[in-house]
Amino acid sequence: MDREKLGERVAGVAALAEPVRRDLYLYVVAQDHPVSRDQASEGLGVARHTAKFHLDKLVEEGLLVTSFKRLNERRGPGAGRPTKLYQRSERELSVTVPERHYDLAGLLMAQAIEESTSSGVPVLEALHSTAQQLGRSIGQQIRSELQRGRSRDRILEAASRTLADHGYEPNHESGTLELRNCPFHLLAQQHTGLVCGMNLALLEGAAAEVGEERLSARLDPAPDRCCVLLTAT
C-alpha cells in the first residue's frame, strides 16, 4: 500500500475516533431511512450545529452520503428548501499493518467453489485457475511499466512497484524478488498448503504474463516473508 492510500484509509477510520462523530455515524446507519440534521441532533441530544459539523465531516471522509428531499407535503412557492439528509455510503474501510487482503482470498475461494459446483472441476484446481487469472491481470500491470526496455533490473523494478500496490512489500537484489509480507498471513498460517498454493498460482500467472523466460515464480517458504520468490533472468 502506498503512502497516499494508507493516509486515506487511516483518515477515514480516524474520523470515527471522535466520540460524538462516532455516535452520530452509528445513529445514522442504525436508521432504516436517511436522517436529517435535526433528527440526528434530537436522537443524540446534541446541539444542531454540533450535529451539522460532525455529519459533514463524515461526508468529507466518504463514510456518509447526502441527498435532498422535502419532508413536508407542501409543494410550490413557499414550500421551503429541501432538507439535507444523511445515510451510510457504500465505502468500506479497513486498515491492517502490515497490509492484508483476506477479502481477496475470500473472493478467489468463492469464485473457485462456484466454478467447481457448476463445472465439476475439483475445487483446488478451480482455485489455482482463478488465482492465475488474477495473477495475469497483475502481470499486465507489470508489462505496462516495461515500455522502455525489459532488462532484468527494469523487470524487477516494475514488478516491485506493482506488487507493492498489492501488499507484498517486495525487495529485490541479485535477480531475486523477495516478498517481505504475505497479504494472506493468518490464513497461510492456519491453512498453509491451500493458501500458499493459491498464492503461488497467482504469482505464476503474473510471471507468465510478463514472460516466463524473463520472470519466474517458485515456492520457497521461509520465516518472516511470503512463501513465493520471484526471479528475473
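A short reminder: the numbers here are calculations on the coordinates, not readings from a lab. All of these numbers come straight from a predicted model, not from anything done at the bench. Counting neighbours? That spans all protein chains shown, and the Cβs are built from the backbone with ideal geometry, glycine included.
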At q = 0.10, 0.13, 0.15 1/Å the base-10 log of I(q)/I(0) from the Debye formula over the alpha-carbon atoms of the stretch 102-232 is -0.30, -0.50, -0.66
Relative to the chain, whose Cα atoms define the longest principal axis, helix 152-164 and its Cα axis are tilted in degrees, nearest 10, by 30 degrees
Expected sort for 199-205, 222-228, 129-135 on mean C-beta neighbours within 10 Å, highest first, is 199-205, 129-135, 222-228
Close lysine pairs (the chain; alpha-carbon distance under 20 Å; 8 or more apart or on separate chains) counted at 5
In degrees, nearest 10, the alpha-carbon axis of helix 19-30 is tilted away from the dominant principal axis of the alpha carbons of the chain by 90 degrees
Which of (1) 14.8; (2) 16.5; (3) 18.9 is the computed mean projected area of the Cα convex hull in nm²? It is (3)
Checking 90, 212, 145 against a Gaussian network model of the chain (alpha-carbon springs below 10 Å), the top fluctuating residue turns out to be 90
In degrees rounded to 10, the 0-90 angle between helix 123-144 Cα long axis and the longest Cα principal axis of the chain is 90 degrees
